[in-house]
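Chemist: Would you mind keeping the following structure in view while I ask a few things?
The values are calculated or read from the model by the stated rules, or taken from the named source; none is laboratory data. Treat the numbers as computed from the prediction; the structure is a model and nothing was measured. Cβ placement follows ideal geometry from the backbone for every residue including glycine, while neighbour counts extend to all protein chains displayed. With ligands, DNA and RNA removed, areas are computed over all heavy atoms of the protein, side chains included. Shrake-Rupley method; radii C 1.70, N 1.55, O 1.52, S 1.80 Å.
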Amino acid sequence: MIRLALLRHGHTHWNREGRIQGRTDIPLDKTAKGDLAKLALPTHWRHAKLVSSPLVRAVETAELVSGRAPQPDVALMEMNWGDWEGKKAAELRADPQSDHKDIERWGWNYTPPNGESPASLRARLKPWVSSLSEDTIAVCHIGVMRVLLGLATDWHFAGPAPFQIKRNRLYIIDVKTEKWQLEADPVRLVERMP
């Protein structure tokens, strides 16, 4: 059995402002860095292979909670949100000229203007997951996590997701079974020992 543990990066100032980040390379904010420096990976995961998106917010998160540099992988890059990057979802929703809709209504094939669909992200991620040969922690983004968790739970970006993605938790998927299986409860990061 090979397990893939997904960890969402810490907050950036764009997250706190409600801005869509996508591939814009925004670093962690000072508060997130301080909070993450107090956390560590659970014992079982401390020596697992560590990979991350190449975006600085994911690399910084991985380094802070593990104490080591991750191996960046472009397959874990966040979904391209195209023309929506840097904008606030609330403002897009209020704009009658915008085609914005919440991700729970996208299906696999909806694409933000000049962006990337969940199906495109799925096509990028499935070969990467198939290449795993050991337990792996991937520090990545909510778009990447939605696609992988969707594949593990048969969620098709239609209606409420059967999972909630929270920070400072590992979402663990058994990826070497015929059908991927999401473990029922996420595993919290632990307080770092002084």
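Chemist: What does the accessible area per residue of the chain come to in Å², with a 1.4 Å probe and no ligands, DNA or RNA counted?
Modeler: 49
Chemist: I'd like the orientation of helix 118-130 relative to the chain: the angle between its Cα long axis and the longest Cα principal axis, in ° from 0 to 90, rounded to 10.
Modeler: Between helix and principal axis, roughly 20 degrees.
Chemist: Quick one: if you stick a label point 7 Å off each Cα along the C-beta vector at A184 and E104, how many nm between them?
Modeler: Distance between label points: 2.4 nm.
Chemist: Please report the antiparallel percentage of DSSP beta bridges with both residues in the chain, rounded to the nearest 5.
Modeler: Antiparallel bridges: around 50 percent, rounded to the nearest 5.
Chemist: Any chance you could list the semi-axes, whole Å, largest first, of the equivalent ellipsoid that the Cα gyration tensor gives for the range 21-179, using √(5λ)?
Modeler: Each semi-axis is √(5λ); the values are 27, 20, 14 Å.
Chemist: Let me check something: with ligands and nucleic acids excluded, how do V144, V190 order by accessible area (1.4 Å probe), largest to smallest?
Modeler: V190, V144
Chemist: Using a 1.4 angstrom probe on the protein heavy atoms only, line up H44, H11 by accessible area, largest first.
Modeler: Final ranking, largest accessible area leading: H44, H11.
Chemist: Mind checking the dipole of the chain: about its Cα centre, +1 per Lys or Arg Cβ, -1 per Asp or Glu Cβ, Debye to the nearest 20?
Modeler: Rounded to the nearest 20 debye, it is 380 debye.
Chemist: Looking at the range 72-161, which trypsin sites (Lys or Arg not before Pro) are in a loop (DSSP not H, G, I, E or B) and have at most 15 other Cβ atoms within 10 Å?
Modeler: K101
Chemist: Quote the accessible area belonging to D99 in square angstrom, nearest 10, computed with a 1.4 Å probe and with ligands, DNA and RNA left uncounted.
Modeler: 90
Chemist: Enter the accessible area of L149 (Å², nearest 10), with the probe set to 1.4 Å and all protein chains included.
Modeler: 0
Chemist: Next question, about the same structure. For the chain, what does the helix formula give at 222 nm: sum of -39500 (n - 2.57) over DSSP H segments with n ≥ 4, over the residue count, nearest 500 deg cm²/dmol?
Modeler: Result for the chain: -8000 deg cm²/dmol, rounded to the nearest 500.
Chemist: As an exercise, identify the chymotrypsin sites (Phe, Trp or Tyr not before Pro) in the range 28-114 lying in DSSP coil whose Cβ has no more than 13 other Cβ atoms within 10 Å.
Modeler: Answer by residue number: there is no such site.
Chemist: Points 7 angstrom from Cα along the Cβ direction at A158 and S130: gap in nanometres?
Modeler: That separation, rounded to one decimal, is 2.5 nm.
Chemist: Can you pick out the pairs among K38/K101; K88/K166; K30/K88; K33/K88; K87/K176; K38/K87 whose Cα atoms lie more than 29 Å from each other?
Modeler: K38/K101; K87/K176; K38/K87
Chemist: Once the Cβ-Cβ distance between D35 and R68 is put in as r, and R0 is 30 Å, what FRET efficiency do you end up with, to the nearest 0.05?
Modeler: Efficiency for this residue pair is about 0.95.
Chemist: Sorted by accessible area (1.4 Å probe), largest first, how do F163, F157 line up?
Modeler: F163, F157
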